[in-house]
Amino acid sequence: MAIGEAGPGSVRHGVQPKRLEEAMRVRLGRECVYVPSCRFGLYVALRHWCPPGGRVLMSPVNDDVIFFVVLAAGLRPVQAPLNPLDASIDIDAVPDEVWGSVSAVLTTNLYGNPDPAPRLRQKCDALGIPLFEDGAHAIGSRVGDRPVGAWGEASVFSLSKHVGAKAGGMLSLADPGLREAVEKTCAGLLAPRRAGAELAYLVRPYAEAAVRGLRLRRAAWAAIRLLGLADREEIRMPLRPDELALAARHTPGLDAHHPWLRVDMHDYRLEGGRLRLRRIGRGLDRLDDVLDACRAGTELLLSTPWAKPRDAYGTQPLFRVPLFVADRDAAVAALAREGIVVGYLYDPPLDDYAGAEFTDPSPAPEAARWFARHALPVDPLRARTVAEVLERSGARPVRAPGEGELPGSGPTPGGLGQSRD
């Protein structure tokens with residue numbers, strides 16, 4: 001499986017990764033291992049706990065890369081019914097026969113809103129199966145009396161999101177005694193550092209800032225496509241089912257599924273260099289300020305007519321706040337005209353995207369389809385601007401499944417608080 005090993009002079013054994021790990025250990029209260037990406041960490045966790053051929057219950061409203069990580073680990077994704085307002089796993093809607101067939105559960109904590117981890121922990125304990133937490137969007141979120149990421153046998157975090165480093169991840173372990181074994185697995189899967197990749201990583205933020213400042217977005221994207229660097233044109237990457245079926249013959253392993261796993265992050269298994277690790281460290285140092293700003297922006301957005309608040313939303317520093325609009329394409333276009341790009345859309349749900357050849361479909365798919373069609377995930381750090389743009393555009397809120405008639409789609413109420421742009 002390995003395409004490179006970390007040698008004795010690896011940065012992994014230097015001071016910097018240990019400092020990053022300690023910062024996350026303080027936040028979570030459990031052992032942490034630095035990894036080059038969240039997807040890489042999840043693959044390591046799945047390989048450690050799940051024998052090939054196992055079945056993993058997961059959310060169909062999720063990044064397709066995570067779906068391919070499960071496939072690469074030699075496992076069968078099983079799509080769960082969801083709560084329509086936050087896309088968390090609806091435990092009570094999962095049939096008993098499905099519970100009896102799965103060998104692990106993977107949470108999503110979509111946009112930072114927690115899945116019901118305490119109940120899932122109880123269910124997994126009763127079944128004798130592991131719980132994995134994907135906390136990519138959820139650094140700083142809490143559920144029950146613990147942080148997200150402190151409930152499962154293992155949890156994974158992205159340092160590309162709230163931390164803003166565009167690289168790096170963390171694999172957290174409930175059992176600190178597993179650290180040595182996990183580090184050994186990681187070392188056997190890492191690709192060696194490349195000077196060119198480190199340089200590209202270093203200059204990318206400055207190039208992106210120049211493109212934004214010169215308003216060259218369309219020209220830049222056209223150039224990227226011409227160079228063959230664009231991984232996807234639509235929300236979902238191309239499935240390529242014939243190639244995917246061939247890749248399945250070579251699992252578990254990263255190499256066969258590399259064309260899918262690399263999408264949007266070509267360095268997902270690259271050993272981190274000093275420049276990369278230093279930037280991640282600076283982002284972690286600023287994390288608490290970012291989380292405070294996200295909480296304030298979340299509160300503001302939840303006061304708008306497009307929000308469907310739940311008790312948990314207001315206390316979480318959401319990475320994106322899902323607003324619900326009747327015509328999402330029109331809302332996305334209105335925001336784009338103001339320079340606000342809407343990302344982290346997961347439409348269609350994974351079972352509709354991949355089909356029964358590659359996943360077990362949800363027994364109750366409508367809630368996931370409704371969420372995927374109408375959720376507008378917006379950055380809480382741009383809360384006031386987003387609210388103003390949606391108001392001017394006349395964006396209409398949409399009624400959720402089982403919800404009564406909406407009171408109307410009038411303008412955003414006044415007094416939305418201080419701007420967090």
Practice problem: At a 1.4 Å probe radius, which order do Asp145, Asp360 fall into by accessible area, largest first? | Solution: Asp145, Asp360
Quiz prompt | Hull shadow area, averaged, region 110-154 [alpha-carbon convex hull, nm²] | solution = 2.8 nm²
Self-check item: Counted charge near Val163, where neighbours are those whose Cβ lies closer than 10 Å (Asp, Glu -1; Lys, Arg +1)
Solution: +4
Practice problem: Express in Å², to the nearest 10, the accessible area of Leu335 obtained by rolling a 1.4 Å probe over the protein heavy atoms while all chains stay in place. | Solution: 0 Å²
Quiz prompt | Anisotropy class of region 68-156 from Cα gyration tensor, a/c 1.5 cut | solution = rounded
Practice problem: Give the accessible area for Met265 in Å² (nearest 10); use a 1.4 Å probe, count only protein heavy atoms, and leave out ligands, DNA and RNA. | Solution: 40 Å²
Practice problem: Express the Stokes-Einstein translational diffusion coefficient of region 327-370 in µm² s⁻¹, to the nearest whole number, given a Kirkwood radius over alpha-carbon pairs, 4 °C and a viscosity of 1.567 mPa s. | Solution: 105 µm²/s
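The values are calculated or read from the model by the stated rules, or taken from the named source; none is laboratory data. Just so it is clear, the model here is predicted, and its values are computed rather than measured. Positions of Cβ are backbone-derived with ideal geometry, glycine not excepted, and every protein chain shown enters the neighbour counts. These area figures cover heavy atoms from the full protein model, side chains too; ligands, DNA and RNA do not enter into them. Shrake-Rupley method; radii C 1.70, N 1.55, O 1.52, S 1.80 Å.
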